[in-house]
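I have placed the structure first, in the form of structure tokens, so that the comments after it can refer back to it.
The values are calculated or read from the model by the stated rules, or taken from the named source; none is laboratory data. Keep in mind the model is a prediction, meaning the values are calculated, not measured. Here the Cβ positions follow ideal geometry from the backbone for every residue, glycine too, while neighbour counts run over all protein chains shown. These area figures cover heavy atoms from the full protein model, side chains too; ligands, DNA and RNA do not enter into them. Shrake-Rupley method; radii C 1.70, N 1.55, O 1.52, S 1.80 Å.
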Amino acid sequence: AAATGGSPGYVVVLASVPVSASSRMEALARFADIQQNYGTVLNGKTPDVREANLGSRGKYHRLMIGPPGSRENAAGLCSSLKQAGYSGCWVTAY
């Protein structure tokens, strides 16, 4: 789904799991764990799992938090998570 206005939306990626038969479920289970620990930051956020093909590094299911928004919003959310103690997030175009 393309973002309106021609510019991509940005999302926070919480985790990246190598694609397997169970990787989508693993990613969502990881979100549940992270949400339990950082619920104040992730309250009301929706998890989304998307496949990313990293070429020679293989395919991964990325656990993202939507909805896509501005790069500033995504970076702010990632900063909040890092302040709360979760260092594994990064921002990517959706």
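Can you tell me which residue within the stretch 75-85, out of those that are open to solvent by less than 40 Å² (accessible area, probe 1.4 Å) and in contact with a helix residue (DSSP H, G or I) (Cβ under 8 Å, 6 or more places away or on another chain), is farthest from G39 (Cα to Cα)?
Among them, the one singled out is L77.
From the list E51, E26, E72, the one residue that fits, being in a strand (DSSP E or B), open to solvent by 50 Å² or more (accessible area, probe 1.4 Å) and not hydroxyl-bearing (S, T, Y), is E51.
Tally the residues that are of a type in the set (S, T, N, Q) and free of Cβ contacts under 8 Å to residues at least 12 places away in the same chain, restricting the search to the stretch 36-57.
At the first step, the residues of the stretch 36-57 found to be of a type in the set (S, T, N, Q) are 36-37, 40, 43, 46, 53, 56.
Among the residues that remain, those that are also free of Cβ contacts under 8 Å to residues at least 12 places away in the same chain are: 36, 43, 53, 56.
Within the stretch 36-57, residues that are of a type in the set (S, T, N, Q) and free of Cβ contacts under 8 Å to residues at least 12 places away in the same chain number 4.
I need the full set of residues from the stretch 22-32 which are over 18 Å from L54 (Cα atoms) and of a type outside the set (D, E), in order please. The answer is S22, M25, L28, A29, R30, F31, A32.
Report yes if Y10 is surrounded by 14 or more Cβ atoms within 10 Å (Cβ to Cβ) and at pLDDT 95 or above, otherwise no. Taking the combined requirement at face value, the residue satisfies it.
Listed conditions (1) among the small types (G, A, S); (2) under 16 Å from V91 (Cα atoms); (3) modelled with pLDDT of 95 or more; (4) not in a helix (DSSP H, G or I) are all met by A21, apart from (2).
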